[in-house]
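So the structure is just underneath, and the comments pick up after that.
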Amino acid sequence: MLKVRGLWKSYGETLAVADLSLSIRAGEIHGLLGPNGAGKTTVVKCIVGLLRPDRGEILVNGIKTTTSESYKSLIGYLPEDPALPEYLTVEEFLGYIARIRSVKPQEAKPRISELMETFNLTRLKHEFIGSLSKGLRQRVAVASAFIHKPKILILDEPFLGLDPEGQLKVKSMVKQVVEDGGAALISTHMLDMAERFCDTVTIVYRGRKIIDGDVRSVKQVVDANSLEEAFIKLVNRR
Ligand SMILES: Nc1ncnc2c1ncn2[C@@H]1O[C@H](COP(=O)(O)OP(=O)(O)O)[C@@H](O)[C@H]1O
Ligand SMILES: [Mg+2]
């Protein structure tokens, strides 16, 4: 469902991503892992079309992202640092996103109610986003990524600022999409979380892939008990 081939991206002199490839099949939750500054967000932004790759190609459901915009409706994107309009209420904001995502008006209302229920936002629907805590804003942002029933989720640090209950909700929503034949790319620096949640992973370090595969085989390769240990072993080898 998603293929990245030989992706390169620099910001001026800073090489952010070097020769990165990954692919995600339907039914798969894939973790894009690595420490801060590893290049995860840059990869994500290239996939969703916010950045233009210097080199390489990206295919979403077989569609080359540089040749057509049509793939965008398939994607549910959560930015790393979502900027939400403070002067809209939760319900207004979700309605606004539903319109942008071309959700039919008669389908938008029930969908918004359902998402507000799922993320425990119903009682806050008339609150201004500006009055919400960081964690609650993150719930709103996550809910908005699901509004058009996307097949492919691209979530950049989705668990940041979320309480355990919020994290659980996100995980179950992701699982639902994937069980229905979708796929998910989860960018996170939380290796322990990824170990339990992801089927397959790509670990990046300083813009380059250091290993990929299913979680078990990645650990086996370096004889590690956890992804964290695997990461440290792999980095020390370099
Ligand atoms: N807009 C930008 N301008 C200049 N350098 C950037 C910009 N965004 C990211 N970088 C640099 O690119 C590298 C990768 O960053 P990023 O993709 O945000 O990594 P991650 O998401 O893994 O933390 C870092 O060295 C970062 O400082
Ligand atoms: Mg990032």
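Listed values, structure above:
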read-out	value
Strands (runs of 3 or more DSSP E) wholly inside region 155-233 containing at least 3 residues that are in contact with a helix residue (DSSP H, G or I) (Cβ under 8 Å, 6 or more places away or on another chain) and of a type in the set (A, V, I, L, M)	183-188, 200-205
Members of region 31-58 found to be touching a residue at least 60 places away in the same chain (Cβ under 8 Å) and more than 16 Å from ligand 2 (Cβ to nearest atom), listed by number	none
Whichever residue in region 62-85 is among the hydrophobic types (A, V, I, L, M, F, W, C) and within 16 Å of ligand 2 (Cβ to nearest atom) and, among such residues, is nearest to the chain's Cα centre (by Cα)	LEU78
Sole exception among (1) of a type outside the set (D, E, K, R); (2) out of contact with any Phe, Trp or Tyr (no Cβ under 8 Å at 6 or more places or on another chain); (3) touching a residue at least 40 places away in the same chain (Cβ under 8 Å); (4) more than 16 Å from ligand 2 (Cβ to nearest atom) for LEU88, by number	(2)
Residue in region 167-181 that is in contact with a His (Cβ under 7 Å, 6 or more places away or on another chain), within 30 Å of SER70 (Cβ to Cβ) and more than 16 Å from ligand 1 (Cβ to nearest atom) present	no
Checking ASN36 against (1) at pLDDT 95 or above; (2) within 16 Å of ligand 1 (Cβ to nearest atom), the condition it does not meet	(1)
From the options VAL201, VAL235, residue that is under 20 Å from THR42 (Cβ atoms), surrounded by 15 or more Cβ atoms within 10 Å (Cβ to Cβ), of a type in the set (A, V, I, L, M, F, W, C) and in contact with a strand residue (DSSP E or B) (Cβ under 8 Å, 6 or more places away or on another chain)	VAL201
Tally of residues being touching an Asp or Glu at 6+ places or on another chain (Cβ under 6 Å) and closer than 22 Å to LEU160 by Cβ across region 91-134	2
Only listed residue being under 26 Å from LYS134 (Cα atoms) and hydrophobic (A, V, I, L, M, F, W, C), chosen from ILE24, ILE75	ILE75
Total residues in region 123-132, condition loosely packed, with under 15 Cβ neighbours inside 10 Å and in a helix (DSSP H, G or I)	3
Total residues in region 1-24, condition over 18 Å from the mean Cα position of the chain (by Cα), assigned to a strand (DSSP E or B) and not small (Gly, Ala, Ser)	7
Selection status of THR65, of a type in the set (Ser, Thr, Tyr), in contact with a strand residue (DSSP E or B) (Cβ under 9 Å, 6 or more places away or on another chain) and in contact (Cβ under 8 Å) with a residue 24 or more places away in the chain	no
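For every residue, the table says whether it meets (1) more than 9 Å from ligand 1 (Cβ to nearest atom); (2) among the acidic types (Asp, Glu); (3) at pLDDT below 95; (4) out of contact with any helix residue (DSSP H, G or I) (no Cβ under 8 Å at 6 or more places or on another chain).
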{"residue": "ALA18", "(1), (2), (3), (4)": "yes, no, no, yes"}
{"residue": "ILE24", "(1), (2), (3), (4)": "yes, no, no, yes"}
{"residue": "THR42", "(1), (2), (3), (4)": "no, no, no, yes"}
{"residue": "LYS45", "(1), (2), (3), (4)": "no, no, no, yes"}
{"residue": "ILE63", "(1), (2), (3), (4)": "yes, no, yes, no"}
{"residue": "SER68", "(1), (2), (3), (4)": "yes, no, yes, yes"}
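The values are calculated or read from the model by the stated rules, or taken from the named source; none is laboratory data. Quick caveat, the model's predicted, so the values are computed rather than measured. Cβ: placed from backbone, ideal geometry, glycine included. Neighbour counts: every protein chain shown.
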